[in-house]
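Below is one structure, written out as structure tokens; the observations come after it.
Values quoted throughout were computed directly from the atomic coordinates according to the rules given, and no laboratory measurement underlies them. Predicted, not measured: the structure shown is a model, and the values here were computed from it. Because the Cβ atoms are built from the backbone with ideal geometry, glycine has one as well, and the counts that use them run over all protein chains shown.
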Amino acid sequence: MAELAEEEKIIRRIEKRFSKGVVEYGLIEDGDKILVGLSGGKDSLALVELLAKRARIYKPRFSVVVAHVVMKNIPYQSDMAYLKEYVEAWGLPFVLYETEFDASTDTRKSPCFLCSWNRRKALFTIAKEHGCNKIALGHHMDDILETLLMNITFQGTFSSMPPCLVMKKFDMTIIRPMCLVHESDLAALALLRGYRKLVKNCPYEEQSHRSDMKEVLRQLEAMNPEARYSLWGSMTNVQEELLPNKKDKSDE
């Protein structure tokens, strides 16, 4: 009985944070047709479940299509049959799309960046083909905070991945409905649901600084249990008058 209660707590907590993110940032509107980018990891699998449930029960009314992009020149592997079966069990259409890229065309960028960007372009193509106006990605709160820390540390910019991003060039909107969901809860959900892991992981994933930033975020939370909420709040509480301001030479 205690196990069932804990299970219910995790699911309710995820659904509550998911709903808060959707409402607070106005991510879903009546008549939307949303393409979910399904990588096969726990986060995108959870996103399929959350959107499928919301599409059935809540207003506004919207529809969902799920796509898995296979990058043929990157040696990782997903269980296609499992992904298709999982998506269709939620009553959603599944699209498989194959593409590839040539990493030698831009040696300034890492294979990880090029793969991600080409995968994103493929999602734009699929979305247009299926009449979708939005693309939903499975990034959660930890992803967004880790990106904020990476951009500050390595790029010198105070930026991250917004819950809603209008891509005017592509006439498409990117949404991250799990922006307020914690990764720890998604990991717990993956165990409860028995999500299958990728057959073979990407060989480049360890080259990213993201795992380092996961540890930084853990250390910050060890110092202050509310650190993630302070970091999140800082993105909409920028006090420019208390930051360095270069003098405009035209005023001299």
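Using the Cβ-Cβ distance between Ala89 and His130 with R0 = 22 Å, the FRET efficiency computed as 1/(1 + (r/R0)^6) comes to roughly 0.65.
Given axes a ≥ b ≥ c from the Cα gyration tensor, I'd like to know whether the chain is rounded (a/c under 1.5), prolate (a/b larger than b/c) or oblate. Rounded shape, in that the Cα axes give a/c under 1.5. Backbone geometry of segment 118-135 corresponds, through the Karplus equation with coefficients 6.51, -1.76 and 1.60 at θ = phi - 60°, to 3J(HN,Hα) couplings of 5, 5, 5, 4, 4, 5, 4, 4, 4, 4, 5, 4, 9, x, 8, 10, 9, 10 Hz, x marking Gly and Pro.
Remark: relative contact order (segment 2-208) = 30 percent; criterion is Cα-Cα distance under 8 angstrom and separation of 6 or more residues. Please tell me which of these pairs span more than 20 angstrom C-alpha to C-alpha: Lys16/Lys134; Lys72/Lys169; Lys59/Lys134; Lys53/Lys134; Lys33/Lys128? In this structure, Lys16/Lys134; Lys72/Lys169 exceed 20 Å between Cα atoms. Each of Glu8 and Asn151 was given a label point 7 Å from its Cα along the Cα-to-Cβ line. The distance between the two points is 4.0 nm. Residues Met141, Met172 in ascending order of nearby Cβ atoms (within 10 Å, fewest first): Met172, Met141. For His209, no residue has an amide H sitting under 5 Å from its own, ignoring neighbours fewer than 5 places away on the same chain, with H placed 1.01 Å from N.
Between the amide H of Val64 and those of Ile34, distances stay under 5 Å, these residues lying 5 or more places away or on another chain, with hydrogens modeled in the peptide plane. From least to most packed, judged by other beta carbons within 10 angstrom and beginning with the fewest, His182, His209 follow the order His209, His182. Take the Cβ atoms of Asn245 and Glu15, set R0 to 35 Å, and the FRET efficiency comes out at 0.20. Using the Cβ-Cβ distance between Asp79 and Lys53 with R0 set to 30 Å, the FRET efficiency from 1/(1 + (r/R0)^6) comes to roughly 0.85. Quick one: among Ala122, Ala187, Ala136, which has the greatest mean-square fluctuation in a GNM of the chain with alpha-carbon springs under 10 angstrom? Comparing Ala122, Ala187, Ala136 in a Gaussian network model of the chain, the most mobile one is Ala187. In this structure, the amide hydrogen of Met172, modeled 1.01 Å from its nitrogen in the peptide plane, lies closer than 5 angstrom to those of Met167, counting only residues at least 5 positions away or on a different chain.
Computed over the chain, the per-residue total of -39500 (n - 2.57) for DSSP H runs of n ≥ 4 gives a 222 nm mean residue ellipticity of -14000 deg cm²/dmol, rounded to 500.
Using a simple spin-label model with pseudo-atoms 7 Å out from Cα toward Cβ, Leu191 and Tyr97 lie 3.5 nm apart. Note on Glu8, Glu15: ascending count of other Cβ atoms within 10 Å places them as Glu8, Glu15, the fewest first.
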